[in-house]
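Visitor: This is the structure, below, for whatever I ask next.
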Amino acid sequence: MKKNTVFGLLLMTANSVMSVSTRSSIIKLVERKAQASSIIDIATTNENLEVLVAAVGAAGLVDVLNAPGPFTLFAPTNDAFALVENLDAIIADTDALTDLLLNHVVSGSIFSSDISDGQVVQTLGGKDFTITVASDGGVLINNAPIVLADVGASNGVVHAIGEVISFPTLPTIVEIAIADDNLSTLVAAVQAAGLVDLLDAPGPYTVFAPSNEAFTLVDGLDALLKDEIVLKTLLTNHVVFNEVSFSDLTEGLLVETAGGEDLMVTYHHGMTMVNDAHIVMSDIQASNGVIHVIDAVITFPEPIVETADEIETSTPLQTIVEIAIADDSLSTLVAAVQAAGLVDLLNAPGPYTVFAPTNEAFAAVDGLDALLKDEIVLKTLLTNHVLFFEVFSSGMADGLLVETSDGKDLMVTYHHDMIMVNNAHIVVSDIQASNGVIHVIDAVITFPESEEISIVETGDEIETSSSPGSFCGSPIVLSSFLAIILLGFV
C-alpha cells in the first residue's frame, strides 16, 4: 500500500529521532519485559509502532504517557494506521488527533486476565468501548483485534492492536424517529413544520415524542398538519433545549420548552407524566440529545381568567397588576406593590405566579402602616410572593418546593382538601393574566427562622425579634410584607 504524504512524514520523523544504538536494541514486543520502561519507552523501541510514537509526539501526549499512571494503552500498529483513509486530515488536526489517541488509553492497568466478554471500558477521551472475547480466545476492542497482549510497563501495560479503534456514531433525533414506524406521524409533523434542520443540529435537546396512537387522539389532525405556524408551536412545546434524562425527571420538576411553555413532571400509579402525557419509553439516546416517547400530545391549560363573576374567555386578558387593581379585596396588596415600586415588574411580560394576600390577610399583620412606608423591607416581602414562572393549582403536588423571585423556597402542602403555601391557604386559584397567574391567599406568607429573618407565631399574632434596621425589629416581617404586596398588586 502506498503511504500518504503525512503518513510518510511521520515515519521519517520517527526514524530521525531514533539513534543507531536504539535501533540495534529493538526487539519484538512479545519478547520484551519492560517493567523498568515506561509505555512511551516501549513504543519508541518497537519499529511496528513508529507511526503511533510520531502521532503521540505530534499531539503533545508524550508527558501524559510518561506519567506514573497506571495506564493501559491499546497501541495501533503501523499497518493499523495505514488502514485509516482520512489519516492525513486527522494528523493535521491536533484536536482530532489528540481525541483519537486518548480514546486508545484507559486509566488503570488492564491485563488479559482482567478482560471479560461484553466488558465496557471508558477511555481517557471519554468514550466507551466494548470488549468481545471470541470462542477461539481472540479479543476485539470494538472493531480492533488485539495482536499482542500484556506488555508490562513501569506505568501500566500495552496491548498492540491490528486496527485503529472506531466508535459507533449515534444517529440524530430525526434519524431515530424516521427509523421508528411508531413515530411516523411525528416525523411527518416535524417535516411539515420545517423543524428537521433544528432537530438535526448538535443540540443537545430533549424531545417528548408522541406516538402515532397519541396523534390519532388529536381532533382535526389533518388540518393541524397543514397549519405550519400552529404545528410549529405545538411541536416546539415538546422540545427542551438541554438533555434531561429519565432519572432527572423528579416529581414536581418544571422544565421550559423551546416554545416557551412550562412542563410539569408528576408521578401517577408508578408512571412518570409530563403534563397530561405518560412516558412509555425513556432515554433513547441520540447523538444530539435524548428522546422520551409519550402516549399523548402534550396540552397546556386554557387561558381563562377567573374572577368572582367569571370573566368570559373571549375577554382580552389583563396583566397581573390590572387584575389586582380591579379586585377590591386586593387593594392593600396594590398599595403595597405601588409603595415598593414593583408595578413595572408585574406589568412586564413574565410569566409570573403571584400568591396574593387579601386585605384581611394584610390586616392581620402588626405594624402594617410602618411596613408600607419601608420600601426595602416591603419589596423583599412582596417578591417572596412571586415566582418567575407559571404554576397552576393542577401542578401543585403535595411537598412541591418552588423558589420565589427573592430566592426563598415555598413549600406546597395539603390541609383539609385545601392547598397551602407555607402558612397560607389558597382561597381562589388559577386567575389567569396575560403575563402569568394569580392565586389569592388568606395570609401573608412567612418563612422559617433564618439569619436574615426571625419570626415567632403565637396565636393570631406574629411577634418579631429585635434586630437593627428592621420593621418592629423583625426583618422577616418586612420580607413577608414585601411578598404580600407583590401578590396583592398583581
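The values are calculated or read from the model by the stated rules, or taken from the named source; none is laboratory data. Predicted, not measured: the structure shown is a model, and the values here were computed from it. In this analysis, Cβ positions are derived from the backbone assuming ideal geometry, glycine residues included, and neighbour counts consider all displayed protein chains.
Visitor: Does residue 206 qualify as being in a strand (DSSP E or B) and within 28 Å of residue 435 (Cα to Cα)?
Guide: When the stated conditions are applied, residue 206 passes them.
Visitor: Sticking with this structure for a sec: Can you work out which of the residues in the stretch 102-127 that are assigned to a strand (DSSP E or B) and in contact (Cβ under 8 Å) with a residue 24 or more places away in the chain is farthest from residue 162 (Cα to Cα)?
Guide: 107
Visitor: Restricting attention to the stretch 383-410, and to residues there that are over 28 Å from residue 339 (Cβ atoms) and among the aliphatic types (A, V, I, L, M), which single residue is surrounded by the most Cβ atoms within 10 Å (Cβ to Cβ)?
Guide: Checking each candidate, the answer is 396.
Visitor: Tell me the residue from 147, 139 that is buried (at least 18 other Cβ atoms within 10 Å of the Cβ), under 22 Å from residue 48 (Cβ atoms) and in contact (Cβ under 8 Å) with a residue 60 or more places away in the chain, please.
Guide: Going through 147, 139 in turn, just one is buried (at least 18 other Cβ atoms within 10 Å of the Cβ), under 22 Å from residue 48 (Cβ atoms) and in contact (Cβ under 8 Å) with a residue 60 or more places away in the chain: 147.
Visitor: Being free of Cβ contacts under 8 Å to residues at least 60 places away in the same chain and of a type in the set (Gly, Ala, Ser) is the filter here, so list the residues in the stretch 228-257 that pass it.
Guide: If the condition is that a residue be free of Cβ contacts under 8 Å to residues at least 60 places away in the same chain and of a type in the set (Gly, Ala, Ser), then 245, 247 are the ones that fit.
Visitor: In this structure, is residue 334 modelled with pLDDT of 85 or more and within 18 Å of residue 446 (Cα to Cα)?
Guide: Here the answer is no, as residue 334 does not meet what is asked.
Visitor: Residues that are without any contact (Cβ under 8 Å) to a residue 24 or more places away in the chain and more than 18 Å from residue 297 (Cα to Cα): does the stretch 172-190 have at least one?
Guide: Yes, that holds for at least one residue.
Visitor: Do you know which of the residues in the stretch 197-217 that are of a type in the set (A, V, I, L, M, F, W, C) and buried (at least 16 other Cβ atoms within 10 Å of the Cβ) is modelled with the lowest pLDDT?
Guide: Taking the candidates together, the pick is 198.
Visitor: Using the structure shown, decide if residue 98 is surrounded by 21 or more Cβ atoms within 10 Å (Cβ to Cβ) and modelled with pLDDT of 90 or more.
Guide: Answer is no for this residue.
Visitor: Among the residues of the stretch 254-270, are any surrounded by 13 or more Cβ atoms within 10 Å (Cβ to Cβ), under 21 Å from residue 201 (Cβ atoms) and among the polar types (S, T, N, Q)?
Guide: Looking through the stretch 254-270, at least one residue is surrounded by 13 or more Cβ atoms within 10 Å (Cβ to Cβ), under 21 Å from residue 201 (Cβ atoms) and among the polar types (S, T, N, Q).
Visitor: Would you pick out the residues in the stretch 410-442 that are free of Cβ contacts under 8 Å to residues at least 12 places away in the same chain and either part of a helix (DSSP H, G or I) or more than 14 Å from residue 356 (Cα to Cα) (or both)?
Guide: Once the filter is applied, which keeps residues that are free of Cβ contacts under 8 Å to residues at least 12 places away in the same chain and either part of a helix (DSSP H, G or I) or more than 14 Å from residue 356 (Cα to Cα) (or both), the stretch 410-442 yields 415, 416, 417, 418.
Visitor: Name the residues in the stretch 233-250 that are under 21 Å from residue 180 (Cα atoms) and charged (D, E, K, R), would you?
Guide: Answer for the stretch 233-250, where residues must be under 21 Å from residue 180 (Cα atoms) and charged (D, E, K, R): just 243.
Visitor: Determine which member of the set 325, 294, 320, 284 is closer than 22 Å to residue 232 by Cα and at pLDDT 90 or above.
Guide: After applying the criteria, what remains is 294.
Visitor: Based on what the data block shows, is residue 95 among the acidic types (Asp, Glu), in a helix (DSSP H, G or I), under 37 Å from the mean Cα position of the chain (by Cα) and assigned by TED's automatic domain parsing to the domain that holds residue 43?
Guide: Spelling it out, residue 95 is indeed among the acidic types (Asp, Glu), in a helix (DSSP H, G or I), under 37 Å from the mean Cα position of the chain (by Cα) and assigned by TED's automatic domain parsing to the domain that holds residue 43.
Visitor: Which residue is nearest to residue 214 (Cα to Cα), if the candidates are limited to the stretch 256-298 and must be among the charged types (D, E, K, R) and outside any strand (DSSP E or B)?
Guide: That would be 295.
Visitor: Based on this model, can you work out whether residue 163 counts as touching a residue at least 24 places away in the same chain (Cβ under 8 Å) and closer than 25 Å to residue 55 by Cβ?
Guide: yes
Visitor: Follow-up. Checking the condition modelled with pLDDT under 95 and within 17 Å of residue 49 (Cα to Cα), which residue from 125, 152, 108 passes?
Guide: Exactly one of 125, 152, 108 is modelled with pLDDT under 95 and within 17 Å of residue 49 (Cα to Cα), namely 152.
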